[in-house]
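Taking it in order: structure first as structure tokens, then the write-up.
The values are calculated or read from the model by the stated rules, or taken from the named source; none is laboratory data. None of the values given here were measured: they were computed from a predicted structure. Cβ placement follows ideal geometry from the backbone for every residue including glycine, while neighbour counts extend to all protein chains displayed.
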Amino acid sequence: MRTISFGVLAVMAVASIQPARAQTILGTGSAFAQPLYAKWAQDTKASTGIALNYQAAGSSVGQTQVLKGLTDFGASDVPMEDAKLQEADILQFPTAAGGVAVVVNIPGVAPGQLRLTGDVIADIYMGQIKSWDDARIAALNPGLSLPKLGIAPFYHAGGSGTTYAVARYLAKVSEPWRTKMGVGLTLDWPVGAGVKGSYGAATTVALTTGGIGYAENSYAMANKLSTAQLKNQAGRFVSPSGEAFAAAAENADWAKAKNFAVDLTYQPGERSWPIVTATFVLVPKSPAKAASSATILKFFGWAFAHGDEAAKSLQYVPLPRSVKAQIEGTWGKQAAR
């Protein structure tokens, strides 16, 4: 009965989207996804009657709270493990993809001028490169006048899906990072200071001469920060943009990824940005959450149908139409599980 009721509600939720009395859903988790969900919430309320109360507390909090039943849905840039999904009876699906920008504050260096590689970024965060005029950075930037200025690295404090995406990328391009730092929502940082998510990284780097950090690209745009070019798998230096994020997402094998848990970092392609991640929603399937879960699917069903332009305006990558169809198919197939 549990899966049948959820499946029926899922079909009802996405079959038609009609104006309705106000319904409020609570979401908790990914700071990476917050600008997009806020925009979708603003755009959808008039037609669906759904109000979204979203707390950008970080991916690990989103996962923990949905497992404990403390939120209507969790949001995470790191897909939940299959065993946990099955044990807790949770539906997982991506809602969009986006890029993580490396932001810097270097006097005399214009936005977009600085070039970096993954192994150099790794060594900055492991304390091996300490000044902006280091020979390795200078070699990547011939003709650019780099100041003799200490580097101040900032990372995301607490469990962060954005940290996970950055670490996943660095582990692919830096053997020292892979063996010493690894990949995780939290890391044992040898240097630098922790800040609160992408918002904290963006605002702190803007105020810190010599600073470097990483943030979801819409935060970098909103704060008019200087972003670095990164070297991608094809050996080309590219700048963060919606087109570069989409180029990376186009190479993903969404159909074969279990629970849609795709890895979009360091994808091939001359235009691909190397730090791209999908962001996921975690929806309970238990009878106790049936009403709120149906409303959640109604919200994201509206977003899949009408929210692409809003996503693009914030430089997120909408999911391919075929992927949306696969996802909505899982909503309706719960009855057959």
Inset, instruction - Looking at (1) small (Gly, Ala, Ser); (2) over 23 Å from residue 323 (Cβ atoms); (3) touching a Ser or Thr at 6+ places or on another chain (Cβ under 6 Å), find the lone condition where residue 88 falls short. - result: (3)
Inset, instruction - Would you please name the residue that is surrounded by the fewest Cβ atoms within 10 Å (Cβ to Cβ), looking only at residues in the stretch 155-192 that are over 25 Å from residue 94 (Cα atoms) and in contact with a strand residue (DSSP E or B) (Cβ under 9 Å, 6 or more places away or on another chain)? - result: 191
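Would the stretch 287-308 turn up any residue that is over 29 Å from residue 103 (Cβ atoms), part of a loop (DSSP other than H, G, I, E, B) and either hydroxyl-bearing (Ser, Thr, Tyr) or free of Cβ contacts under 8 Å to residues at least 12 places away in the same chain (or both)?
Checked the stretch 287-308: no residue is over 29 Å from residue 103 (Cβ atoms), part of a loop (DSSP other than H, G, I, E, B) and either hydroxyl-bearing (Ser, Thr, Tyr) or free of Cβ contacts under 8 Å to residues at least 12 places away in the same chain (or both).
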Inset, instruction - Considering (1) buried (at least 16 other Cβ atoms within 10 Å of the Cβ); (2) modelled with pLDDT of 95 or more; (3) within 18 Å of residue 39 (Cβ to Cβ), say which one residue 314 fails and leave the rest. - result: (2)
Inset, instruction - Please determine, by comparing only the residues of the stretch 153-179 that are in contact with a helix residue (DSSP H, G or I) (Cβ under 9 Å, 6 or more places away or on another chain) and among the charged types (D, E, K, R), which one is nearest to residue 267 (Cα to Cα). - result: 172
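Can you tell me how many residues within the stretch 273-294 are among the hydroxyl-bearing types (Ser, Thr, Tyr) and either touching a Gly at 6+ places or on another chain (Cβ under 6 Å) or surrounded by fewer than 24 Cβ atoms within 10 Å (Cβ to Cβ) (or both)?
So in the stretch 273-294, the residues among the hydroxyl-bearing types (Ser, Thr, Tyr) come out as 277, 279, 286, 292-293.
Okay, now just the ones that are also either touching a Gly at 6+ places or on another chain (Cβ under 6 Å) or surrounded by fewer than 24 Cβ atoms within 10 Å (Cβ to Cβ) (or both), so 286, 292.
So the count comes out to 2.
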